[in-house]
Amino acid sequence: KAQKKDYVVKDISLAPFGRREMELAEHEMPGLMALREKYGAEKPLKGAQIAGSLHMTIQTAMLIETLQILGARVRWASCNIYSTQDHAAAAIAKAGTPVFAVKGESLEEYWEYTDRILDWGNGKGPNMILDDGGDATMFVQVGVKAEKDPSILDRKPGSPEEAVFYAQLKKALKKDPTRFSRMAAGIRGVTEETTTGVHRLYQLAEKGELLFPAINVNDSVTKSKFDNVYGCRHSLVDAIMRATDVMLSGKVAVVAGYGDVGKGSAQSLQGQNARVIVTEIDPICALQATMAGFEVMPMDEACRLGDVFVTTTGCCDVITERHMKQMKDQAIVCNIGHFDSEIQVEKIRKYKWTNIKPQVDKVTFPKGNSILLLAEGRLVNLGCATGHPSFVMSNSFTNQVLAQMEIWQKHEAEDRYSVGVYVLPKHLDEEVAALHLGRLGARLDSLTQKQARYLGIPKDGPFKPEHYRY
Ligand code: NAI
């Protein structure tokens with residue numbers, strides 16, 4: 001009897017291409033490969049059933065297979081409708097991994113796929129979540145709330161996206177009205193990849209609503225100070241150039257936000273000899289930007305000066321309809337923050353849209369001027385290019401695997417994580433960095449006993465106190 005296939009990908013025949021790129025990635029992902037080597041036999045994740053919601057790229061395929069080699073079973077979806085690399089999804093589907101991800105999937109499909117990674121058959125759910133941006137976690141959290149009070153799903157949705165989210169939850173609850181509370185009870189914890197998702201977790205914890213322990217992977221130093229900075233530095237201009245072929249040299253680029261992603265983005269554009277303006281709300285970050293040589297001014301002024309705009313804030317309404325109408329003709333507008341809330345895309349739907357090619361639209365305003373909007377305001381580096389390169393993602397994903405192991409293995413122990421949000425211990429953060437030095441030919445000095453005593457720190461680390469900011 002033919003088995004119903006437990007995956008949704010664009011084209012399974014892309015699998016060999018995906019596999020070839022995964023083989024290339026092995027060379028660039030020393031952290032993940034070291035974990036495979038170290039724990040492959042021991043299988044510390046045996047029994048873990050991980051629901052993963054994270055951009056389905058080649059690098060993520062490497063993460064997925066590392067989790068599997070360590071003993072876990074996974075079900076996977078992308079955490080953005082444009083970020084999937086179809087050959088990566090095909091490669092892991094072909095190898096038997098249930099994956100639900102298609103570049104350009106609809107919002108309805110997006111939430112249906114999120115639902116499917118949480119459905120482990122026979123009414124069972126996952127026992128771990130690996131999240132990027134918090135959508136899988138939110139689906140469970142809001143699901144549990146809605147079990148108790150279904151009327152919350154009848155509230156007026158704040159966006160078209162929210163409407164689709166509510167509809168999928170309703171469908172899920174109709175099928176199995178107690179599914180989410182059973183699922184939440186079985187989930188040992190979540191590990192969260194990005195700033196925005198982490199922000200959501202702390203908000204839930206503050207309100208006392210968080211249902212399980214969470215590890216904030218983003219704030220491992222070897223994640224946010226590398227992926228967010230150097231990853232975006234690599235992939236931002238890559239995306240703008242693939243999408244538009246525009247000459248960046250000499251142009252005025254406006255970067256909204258000068259956090260980790262903003263720093264990488266500003267450097268990325270500066271590296272092309274664009275003249276970079278930064279907008280900020282935080283005086284510390286504004287001072288950093290100024291002393292790095294960037295001009296800082298409000299968006300109300302910058303909107304008239306830029307040829308290229310990039311939002312990196314994790315905030316909402318940073319570039320408004322009013323800003324866009326005042327921009328130079330054919331200004332390029334894009335976002336590299338996690339959600340599409342930073343640019344008021346919904347407000348400009350009413351104008352004339354001309355699709356240039358997938359993920360590139362020209363929006364023309366009544367006065368005749370237009371802007372080029374990339375990836376409909378969704379994260380541009382994954383929508384218009386292939387996201388961060390393997391080497392930097394190896395740092396992030398080594399943290400992810402260690403975080404999954406921490407929660408999974410400690411669950412039965414005395415010192416298990418209680419409900420709350422945690423970062424990985426510093427010695428693991430240092431270990432992740434150490435695993436990546438060799439590939440770059442970097443060699444460390446080591447402290448003598450005398451030096452260690454002098455500094456008052458252990459000879460083999462951790463080398464910095466918790467308050468150190470790098
Ligand atoms: P962050 O908190 O370090 O930086 C955000 C900065 O934006 C802060 O300095 C904040 O003061 C500023 N900001 C907030 N509201 C603003 C406003 N209205 N106008 C101007 N500035 C404003 O966060 P991080 O780590 O830089 O992440 C930013 C976003 O990028 C998050 O949504 C994160 O999840 C996402 N991200 C995306 C990646 C990608 O590959 N596309 C990679 C890593 C993170």
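The values are calculated or read from the model by the stated rules, or taken from the named source; none is laboratory data. Computed from a prediction, not measured in an experiment: that's the story for all the values here. Using ideal geometry, Cβ is built from the backbone for each residue, glycine included, and neighbour counts are taken over all protein chains shown. With ligands, DNA and RNA removed, areas are computed over all heavy atoms of the protein, side chains included. Shrake-Rupley method; radii C 1.70, N 1.55, O 1.52, S 1.80 Å.
Which ones in segment 292-311 are in a loop (DSSP other than H, G, I, E, B), open to solvent by 20 Å² or more (accessible area, probe 1.4 Å) and within 15 Å of the ligand (Cβ to nearest atom)? Can you show your working first?
Start the filter on segment 292-311 by keeping residues that are in a loop (DSSP other than H, G, I, E, B), which leaves 292-294, 297-298, 303-307.
Right, trim to open to solvent by 20 Å² or more (accessible area, probe 1.4 Å) and you get 292-293, 297-298, 304-305, 307.
If the condition is that a residue be in a loop (DSSP other than H, G, I, E, B), open to solvent by 20 Å² or more (accessible area, probe 1.4 Å) and within 15 Å of the ligand (Cβ to nearest atom), then Ala292, Met297, Pro298 are the ones that fit.
For segment 217-229, check the following and say yes or no: at least one residue is aromatic (Phe, Trp, Tyr), closer than 23 Å to Pro389 by Cβ and touching a residue at least 40 places away in the same chain (Cβ under 8 Å).
Checking segment 217-229: at least one residue is aromatic (Phe, Trp, Tyr), closer than 23 Å to Pro389 by Cβ and touching a residue at least 40 places away in the same chain (Cβ under 8 Å).
Residue-by-condition table, conditions (1) surrounded by fewer than 16 Cβ atoms within 10 Å (Cβ to Cβ); (2) touching a residue at least 40 places away in the same chain (Cβ under 8 Å); (3) over 22 Å from the mean Cα position of the chain (by Cα); (4) away from the ligand (no atom under 16 Å from the Cβ):
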site	(1), (2), (3), (4)
Thr386	no, yes, no, no
Val392	no, yes, no, no
Asn399	no, yes, no, no
Lys410	yes, no, yes, yes
Ser418	yes, yes, yes, yes
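Looking at Ile371, is it away from the ligand (no atom under 16 Å from the Cβ), more than 26 Å from the chain's Cα centre (by Cα), crowded, with 18+ Cβ neighbours inside 10 Å and of a type in the set (A, V, I, L, M)?
For Ile371, the condition - away from the ligand (no atom under 16 Å from the Cβ), more than 26 Å from the chain's Cα centre (by Cα), crowded, with 18+ Cβ neighbours inside 10 Å and of a type in the set (A, V, I, L, M) - is met.
Quick check on my filter: what residues within segment 156-182 are in contact with a Phe, Trp or Tyr (Cβ under 8 Å, 6 or more places away or on another chain) and in a loop (DSSP other than H, G, I, E, B)?
If the condition is that a residue be in contact with a Phe, Trp or Tyr (Cβ under 8 Å, 6 or more places away or on another chain) and in a loop (DSSP other than H, G, I, E, B), then Pro157 is the only one that fits.
Report whether or not Gly337 is within 24 Å of Leu248 (Cβ to Cβ) and not hydrophobic (A, V, I, L, M, F, W, C). Working first, answer last.
Numbers: within 24 Å of Leu248 (Cβ to Cβ): yes; not hydrophobic (A, V, I, L, M, F, W, C): yes.
Here the answer is yes, as Gly337 does meet what is asked.
Among the listed residues Ile332, Ile319, Ile281, Ile336, which satisfies the condition of being modelled with pLDDT of 95 or more, open to solvent by 60 Å² or more (accessible area, probe 1.4 Å) and of a type in the set (Val, Ile, Thr)?
Just one listed residue meets the conditions, Ile281.
Report whether or not Val333 is away from the ligand (no atom under 13 Å from the Cβ), out of contact with any Asp or Glu (no Cβ under 7 Å at 6 or more places or on another chain) and part of a strand (DSSP E or B).
Here the answer is yes, as Val333 does meet what is asked.
Restricted to segment 201-233, and to residues that are surrounded by fewer than 21 Cβ atoms within 10 Å (Cβ to Cβ) and within 10 Å of the ligand (Cβ to nearest atom), which residue is nearest to Arg275 (Cα to Cα)?
Val229
Every residue in segment 251-280 that is near the ligand (Cβ under 10 Å from one of its atoms) and among the small types (Gly, Ala, Ser), please.
Ala256, Gly257, Gly259, Gly262, Gly264, Ser265
State all residues of segment 423-470 that are over 22 Å from Thr191 (Cα atoms), open to solvent by 70 Å² or more (accessible area, probe 1.4 Å), touching a residue at least 24 places away in the same chain (Cβ under 8 Å) and part of a loop (DSSP other than H, G, I, E, B); if no residue qualifies, say none.
The answer is Phe463, Lys464, Tyr470.
Could you please let me know if Leu248 is closer than 19 Å to Ile277 by Cα, within 10 Å of the ligand (Cβ to nearest atom) and open to solvent by less than 30 Å² (accessible area, probe 1.4 Å)?
For Leu248, the condition - closer than 19 Å to Ile277 by Cα, within 10 Å of the ligand (Cβ to nearest atom) and open to solvent by less than 30 Å² (accessible area, probe 1.4 Å) - is not met.
Show me the helices (runs of 4 or more DSSP H) entirely contained within segment 50-125 in which 2 or more residues are among the acidic types (Asp, Glu) and within 20 Å of the chain's Cα centre (by Cα).
Those helices (runs of 4 or more DSSP H) span 107-117.
Yes or no: segment 100-112 includes at least one residue that is open to solvent by 10 Å² or more (accessible area, probe 1.4 Å) and of a type in the set (Ser, Thr, Tyr).
Residues of segment 100-112 that are open to solvent by 10 Å² or more (accessible area, probe 1.4 Å), as a first pass: 102-104, 106-109, 112.
Add one more test, that the residue is of a type in the set (Ser, Thr, Tyr), and what stays is 106.
Yes; the residues of segment 100-112 include at least one that is open to solvent by 10 Å² or more (accessible area, probe 1.4 Å) and of a type in the set (Ser, Thr, Tyr).
Give the number of residues within segment 373-406 that are farther than 17 Å from Thr311 by Cβ and in a helix (DSSP H, G or I).
Total satisfying the criteria: 17.
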